[in-house]
Amino acid sequence: MNKENIIDMKNIVKNFFIGTPNEVHIIKDIDLRVKKGEFVSIIGASGSGKSTLMNIIGALDRPTSGTYTLDGIPIEDMADNELSDVRNKKIGFVFQTFNLIPRNSALKNVELPMLYAGIDKKTRIDRAKYLLELVGIGDRIHFMPNELSGGQKQRVAIARALANDPSIILADEPTGALDSQTGHLVVDLFHKIHKQEGKTIVLITHNKELASETQRIITLRDGQIVNQKCNTAGFKRYQAGVDKHSVAESEVEEPILQSDEISTGFETGNDLETGNDFETEGENQCL
Amino acid sequence: MFIKENILLAIAGLKSNKMRSLLTMLGIIIGISSVIAIVSVGNSLTASFKTTMENFGASNIIIYVREKGAPSDGGGPPSFIGSGAATPSESDLLSDDQILAFEEHFADRIKTIGLVHNVGAAKVQDGHLYANVNVIGTNEGYKDTGNIKLTSGRYITEKDVKSSRKVVVVSSQLVSNLFAPNVDPIGKEIKAYGTDSIDTYMIVGVYKYEASSFGPAIASAKDTRTDFYIPVSVAKETSVNKNYQSLTVTSKIDVDTTKFTADIQTYMDKLYANNVKWEGSAMNMESTISTMTTFLNTISVGVAVIAAISLLVGGIGVMNIMLVSVTERTREIGTRKALGARSSYIKMQFIVEAVIICVIGGIIGVILGIILGAVGSAILKTAPSISVPIIIISVLFSMAIGIFFGYYPASKAANLDPIEALRYE
């Protein structure tokens, strides 16, 4: 292993108790490793355990059993306050519904994680401005969330996720509430962050098209990983497409991807879904 | 640092929901303003009452002869008495000898005895300059019992009384009426024109004249009738009655005036045991003041209870609105937790918000209360009195209400499960 694992999960199990004896096994013995700088997508249908796995990865929830080491720190048995600190410093959340704090300007929203981390005001503002510039809305830092469009809100949310320079960006259906064109612009932004900032990104989605543009695609079904597939080719194709367009000039009208490239992505996803090309141990070769 | 951010956030939140914020604060505003208003009116009433009473001499014991069977209500100053139909005969009143005997009997507790013999209204005139006066014969003890504050010269002395010297202590008002500002009035002779006599007196002292807030309305300060103190022996020269209907006793320091008053009453009862129509009565101002104060305190307690109920209702209103706010902002709370806010921070955020609502309500209440108090004082024609400790206590108390009633909603917010909160629609 030449690259360290940011996420290292072993035998993760999550059960819910809906009154004995009805124990529901949501996550069944998952092993998952994500390397530093990797751009991974987790796909699966509703009820596949995606959200639960995301909550565990995001330190919002604790596994029933198993070990989870995030950036070298075992966090499976941490107390609530410690988990808060892990979320604050190690994880940058991007939600489907943006979840910006209303009545707080874009700048204040990006400042918030840094405020919780106890960073002084000047540093906060400087970094928040830099990040908002990075996501392409440096001209709207004092706008309130209700004055921003969906795509702009998600950009603020991404800037906010980057605030404390986290180990991973955890994006839960980040394009789910956006039209496809705006959604592509947001995905482009994730690729830009991945490339420029070297961020590890975990994208949770049921959109195979989005997944087809990531480096590795993990398919979840009934609480288990049924397929892990390196997607180097698709990823590179996407990158080649992205590089033609600057993300900063994001208000372009034309779709960034050509239709044939998208369909290729779809095929890749379909292959994964069938489980024909099962290569769980192939993850190390993805980068 | 967090607190400052929270305060700014809370204020922004209140601004965005002005009507709701105001309605939430209403209970606090009413509670605090009624406390402030009542306390300031009560204080100004008490203060003005006390000033008046102290001018009469609050620690004095007044002994007066009154008709038997008259209502024993603690009475008032002697000048209010005797306006009834009956007039006591000379033998019913207290003679110089009786007073001397009385003084000897209580020598260990009496500091001075003030004697008053009213002569009546007169006018002091010097050419076109004049001053209205009320001629009163007094002894040296009246300086204490009458609470006379000299600005220059001296008061009537025992010697003046004994040798019936034609000297006078006049008011600062009279001096300003009759003399130029740079003239020293001490030693000057002035003529007092009574109803059927003209007397010349030498000024030996000047006292500071203070208009009584309970006094009758007068046309101008120049025409004010001020007291003109002459030796009691001089006053009695022209009078048929030589004896006294009342006298005022100042007790020595550390004497229990209430007990002393009772003892004097016993003494007077003995003295008048054989008198069928008249009796000697003793009273002191302290009991009158304490009656008044008790009355005001009772009102204050009543208002405090109303205010407390209002504040309780207001506090519950704040709690209610905070619970609504927590529910409305469930997703925000979830987001904040996902971004790394500890539960304690979420709790503090909501407590600060509740405290801000209550403190702003409290401040509005204080301002409103001061205005109401000023209006109330104006209606009662007393000087408004603003009690700074009460204002500080009010603001602190509204803060406490915020913490108390904000705690439960804040805990509810802090204990939300971030996953559930993020999923909340």
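Observations on the structure shown:
- As a summary of the residue check, A:Arg87 satisfies the conditions (1) surrounded by fewer than 21 Cβ atoms within 10 Å (Cβ to Cβ); (2) within 13 Å of chain B (Cβ to nearest Cβ) except for the one numbered (1).
For (1) touching a strand residue (DSSP E or B) at 6+ places or on another chain (Cβ under 6 Å); (2) surrounded by fewer than 18 Cβ atoms within 10 Å (Cβ to Cβ), each residue gets a yes or a no:
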site: B:Ile156; (1), (2): yes, no
site: B:Ser163; (1), (2): no, yes
site: B:Ala180; (1), (2): no, yes
site: B:Lys191; (1), (2): yes, yes
site: B:Thr195; (1), (2): no, yes
site: B:Glu210; (1), (2): no, yes
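- From the list A:Ser48, A:Ser65, A:Ser105, the lone residue that is in contact (Cβ under 8 Å) with a residue 24 or more places away in the chain, among the polar types (S, T, N, Q) and open to solvent by 30 Å² or more (accessible area, probe 1.4 Å) is A:Ser65.
- Selected residue (only one of B:Asn177, B:Asn182 is in contact (Cβ under 8 Å) with a residue 12 or more places away in the chain, farther than 18 Å from B:Val116 by Cβ and polar (S, T, N, Q)): B:Asn177
- Criterion violated by B:Gly205 - all others in (1) open to solvent by less than 80 Å² (accessible area, probe 1.4 Å); (2) under 20 Å from B:Gly153 (Cα atoms); (3) modelled with pLDDT under 85 satisfied: (3)
- Checking A:Val24 against (1) surrounded by 17 or more Cβ atoms within 10 Å (Cβ to Cβ); (2) more than 11 Å from chain B (Cβ to nearest Cβ), the condition it does not meet: (1)
- Condition met for B:Ile360 (surrounded by 18 or more Cβ atoms within 10 Å (Cβ to Cβ), farther than 30 Å from A:Ala171 by Cα and not acidic (Asp, Glu)): yes
- Taken over the range A:24-54, the criterion of being farther than 18 Å from A:Lys229 by Cα and of a type in the set (Lys, Arg) is satisfied by A:Lys28 alone.
- The range B:330-342 - residue that is buried (at least 24 other Cβ atoms within 10 Å of the Cβ) and not in a helix (DSSP H, G or I) and, of those, nearest to the other protein chains (Cβ to nearest Cβ): B:Gly340
- The one condition from (1) free of Cβ contacts under 8 Å to residues at least 40 places away in the same chain; (2) within 14 Å of another protein chain (Cβ to nearest Cβ) that B:Ala378 does not meet is (2).
- Spans of strands (runs of 3 or more DSSP E) in the range A:110-225 with at least 2 residues buried (at least 21 other Cβ atoms within 10 Å of the Cβ) and within 13 Å of another protein chain (Cβ to nearest Cβ): A:168-172
The values are calculated or read from the model by the stated rules, or taken from the named source; none is laboratory data. Remember, predicted model here, so these are calculated numbers, not experimental data. FYI the Cβ positions are ideal-geometry reconstructions off the backbone, even for glycines, and counts take in every protein chain you see. Just the protein is used for accessible areas: all its heavy atoms, side chains included, with ligands, DNA and RNA removed. Shrake-Rupley method; radii C 1.70, N 1.55, O 1.52, S 1.80 Å.
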